[in-house]
């Protein structure tokens, strides 16, 4: 789905005055590229997909495409009993959309099982984690604002064994809260 600036501005106009909207639009950072960026199925915006050792990640919308307001990845082949450590983001909300398979989430103290077509929001500063159930899963994950998440995944792909460790995660505007309750022993 393409989010057009005009549609966003029309929706915002119903909530704020025209003068406030003009001020807000003038302050918004401009995207770095005005060209259309088509990213094929299973492809990464910048080259080959990345791996964290338990799944494949493809950058779909880069931080620079949105003035650092949004970063979206496609998460393929998420294996059961794997996934990130329990963690929180200081500044980002993280939205998960299950495209295929079944995924269990912990957001705060609540657990939810999502199937294809369902989504859940992990609000900033709320601990969360996830794992596939039964068979590999496929998801879209969005971070808003982008923050340091794009750099985290670049660096994590270079050092997959460190990706879910406290020292590593804590460098990227996140806090490691403990191991995932879904990890297989």
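Throughout, read-outs are computed from the coordinates displayed, never taken from laboratory work. Keep in mind that what you see is a predicted model, and the values were worked out from it rather than measured. Counting neighbours? That spans all protein chains shown, and the Cβs are built from the backbone with ideal geometry, glycine included.
Assorted remarks:
- Cα gyration tensor of the stretch 87-185 - equivalent ellipsoid semi-axes, whole Å, descending: 21, 15, 14
- Estimated inter-spin distance, residue 161 and residue 46, nm [label 7 Å along Cα→Cβ]: 2.4 nm
- Highest mean packing comes first when the peptides 59-66, 107-114, 82-89 are listed by Cβ atoms within 10 Å, giving 82-89, 59-66, 107-114.
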